[in-house]
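Shown next, in structure tokens, is the structure this report addresses.
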Amino acid sequence: AQSVAQPEDQVNVAEGNPLTVKCTYSVSGNPYLFWYVQYPNRGLQFLLKYITGDNLVKGSYGFEAEFNKSQTSFHLKKPSALVSDSALYFCAVTGAGSYQLTFGKGTKLSVIP
Amino acid sequence: EAGVAQSPRYKIIEKRQSVAFWCNPISGHATLYWYQQILGQGPKLLIQFQNNGVVDDSQLPKDRFSAERLKGVDSTLKIQPAKLEDSAVYLCASSKDLDTQYFGPGTRLTVL
């Protein structure tokens, strides 16, 4: 069975500082990895994905994520946080050839002005 | 390109009543998903359609939940009868292939 762990329920960071939201995964075979963001009373918005290739993936709004196969991690990063980045972030995984996305429980990011 | 549409956005019902949610996916997306998101948790897949056929409904509580996608485009998810524990946000998503899923705004269901 595939699974995702987001070890931090909440991450606080000062505006302008770099941010990291952590994600580790377990899946059979090669993983497809995704990050989504959810604003209050909104659906999930796609940020970025790793399918294959370069381990550093760039996505929307200046976010990037680094795939680390040996550590089975896919941490989300941004060099300089904005107050508007405050939201709930979900990591998700599926195995190659599978449709079924398994989500983590989410990490609430608060960017403090 | 229009996104995934869902209605209603909010619904409040009494337990044992029935409720239905509607989803219209992004044009051209063959695969449609329904997820349940309970407060404080990540979304959980309920059912997945490929065109008008069911691919995976292993986590759908079939004694009370049903879903259809008759013409391979829009879809309806129904709960009958509703229980208190069904209170959640119901998310619809669609994808073109085995790749990125795009989500609608969700329907927030409260069962009293």
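Kindly state which strands (runs of 3 or more DSSP E) lie completely within the range B:1-88 and contain at least 3 residues that are within 12 Å of chain A (Cβ to nearest Cβ), open to solvent by less than 50 Å² (accessible area, probe 1.4 Å) and closer than 22 Å to B:Val111 by Cα.
Counting at least 3 such residues, we get B:31-37, B:44-50.
Tally the residues that are polar (S, T, N, Q) and either at pLDDT 95 or above or open to solvent by 50 Å² or more (accessible area, probe 1.4 Å) (or both), restricting the search to the range A:79-99.
Within the range A:79-99, residues that are polar (S, T, N, Q) and either at pLDDT 95 or above or open to solvent by 50 Å² or more (accessible area, probe 1.4 Å) (or both) number 3.
Inside the range A:2-33, can you point out the residues that are surrounded by fewer than 19 Cβ atoms within 10 Å (Cβ to Cβ) and closer than 23 Å to B:Ser94 by Cβ?
A:Gln2
Sort out which residues of the range A:49-78 are among the charged types (D, E, K, R) and outside any strand (DSSP E or B), and write them in order of number.
Across the range A:49-78, the qualifying residues are A:Asp54, A:Lys69.
Run A:Val111 past the list (1) part of a strand (DSSP E or B); (2) within 26 Å of B:Gly104 (Cβ to Cβ) and report the number of the one that doesn't hold.
Answer for A:Val111: the failing condition is (2).
Taking the range B:94-112 as the search range and keeping residues that are among the aliphatic types (A, V, I, L, M), more than 8 Å from chain A (Cβ to nearest Cβ) and more than 12 Å from B:Gln36 (Cβ to Cβ), which one is least open to solvent (accessible area, probe 1.4 Å)?
For the range B:94-112, the residue satisfying everything is B:Val111.
State whether the residues of the range A:34-43 include one that is open to solvent by 10 Å² or more (accessible area, probe 1.4 Å), modelled with pLDDT of 95 or more and basic (Lys, Arg).
No, that holds for no residue.
The values are calculated or read from the model by the stated rules, or taken from the named source; none is laboratory data. What you see is a predicted model; the values in this text were computed from it and never measured. Note that we place each Cβ from the backbone using ideal geometry, even for glycine, and neighbour counts take in every protein chain shown. For accessibility, only protein heavy atoms count, side chains too; no ligands or nucleic acids. Shrake-Rupley method; radii C 1.70, N 1.55, O 1.52, S 1.80 Å.
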